[in-house]
Each structure stands twice: as C-alpha cells, then as structure tokens.
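Undergrad: Quick one: the structure is below, questions incoming.
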Amino acid sequence: MLTVEENKVVTFEYTLTNDSGDILDSSAKTAPLEYLHGSGNIIPGLEAELEGKKVGDKFKASIEAEDAYGLRFEELVQKIDKEKLSHLPSIEIGMQLQAYDEDGMQILTVIEVSDTEVTLDGNHPLAGEKLHFDVEIIDIREATEDEKEFGLNGGDDCGCGDGCGSDDSKSGGCGSGCGGCC
C-alpha cells in the first residue's frame, strides 16, 4: 500500500477552520484537493502532517502560523493616496489587488477606504492564524515524470487555502483550498 511521500500525487478531502471554529474553506464546496507531495504546493505544516499517511486515513491537524501562512507584519500595511487607484471603477474593503516589485507579484488586500486614502495589507489574509484541518486521504499514486518535472497542471497548480473563505471574484487567486501558492 502506498504512503504519502515525496513525488506521490495525493488526493484528500479537508475542512479548514480557525481557532473560533469558523469554516474558512472546505473541499466539500468544490472537489477533493490533489497535489504533488514534496513540491511545496501546500503549506509546510500540513504537508508534514500528511507524510506517511495511507488511503483511508482520517486525522485532525493544527498548524501554527509559522508553518502555515506565516506571521503578520504590520510594516506590510500601508496607506496610499486614493488618486493612485483612480483607474479602478470602485474601491471596496476586501478587494484584492496585484502589485509588482523586484520580488515579483504581491497580492494586496484593501482594508480601509477614506475620501483621500486607501489602506492596503500585503499580509496573506490568514497570516498570523493557527489553522485547524480535518483531513481524509482519498487516493495516493505515483507521479508521472512530467508531473515530477513540471508539477500538476504543467506547474500552474495552486493548492489549498487560496480562497481564504472568500469568493473567487474577490480573491484574485486560483480558487479555494488549504495551503498552496504560499
């Protein structure tokens, strides 16, 4: 029987909650999550918890912020002149914007809007939070050579956590899930 280890494609069902017990995300809304183990497509703490598991295993895992989306950094919260976003038809709290710098693309979330300023947060929406997962392993298979080289979906695979409990129209990400793209 296969176990979860590097270069295995793992399919699992999950429900993600915060410390208050609020459901942040669930594969029940979409479909089971499939990822390539060892490729960094899901948060490190969850990937470590999955290691060695078998099909049919069910478990709960609590992942500290450091092993999920990291700690919150207040220096990533900044106010900008609203005029700089005048090209947008409207600016609403919760909107996510893409910005580019020398490190590549960054997602900024609008957290406050006044008549003259917009406050943007560069932290991941789940940064600083302990996350709780309820997981069931559905399938494990050997990865193909292409999957090992390019990842699932040709290297464009987003794992779980991207939706962060919001709908895709506002998230700007590649969908719901429990930990990828981080």
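Undergrad: Given labels modelled 7 Å from the Cα in the Cβ direction, how far is it in nm from Ala28 to Glu149?
TA: The answer from the label model is 4.1 nm.
Undergrad: Mind scanning Lys54/Lys130; Lys60/Lys82; Lys29/Lys79; Lys29/Lys82; Lys60/Lys148 and naming the pairs with a C-alpha gap bigger than 32 Å?
TA: Lys60/Lys82; Lys29/Lys79; Lys29/Lys82
Undergrad: Using the heavy atoms of the protein chains alone and a 1.4 angstrom probe, what is the accessible area of segment 38-148 per residue in square angstrom?
TA: Result: 59 Å² per residue.
Undergrad: Let's test this: bin the Cα-Cα distances of segment 6-101 at 5 Å from zero up to the farthest pair and state each bin's percent.
TA: 2, 9, 15, 18, 15, 12, 11, 9, 5, 2, 1
Undergrad: Further question on the same structure: State the Kirkwood hydrodynamic radius of segment 8-164 in Å, one decimal place, computed from all pairs of distinct Cα atoms.
TA: In segment 8-164 this quantity evaluates to 17.5 Å.
The values are calculated or read from the model by the stated rules, or taken from the named source; none is laboratory data. It should be emphasised that the depicted structure is a prediction, and the values quoted were computed from it without experimental measurement. Virtual Cβ from ideal backbone geometry, glycine too; neighbours counted across all protein chains shown. Note: areas computed on protein heavy atoms with side chains; ligands, DNA, RNA excluded. Shrake-Rupley method; radii C 1.70, N 1.55, O 1.52, S 1.80 Å.
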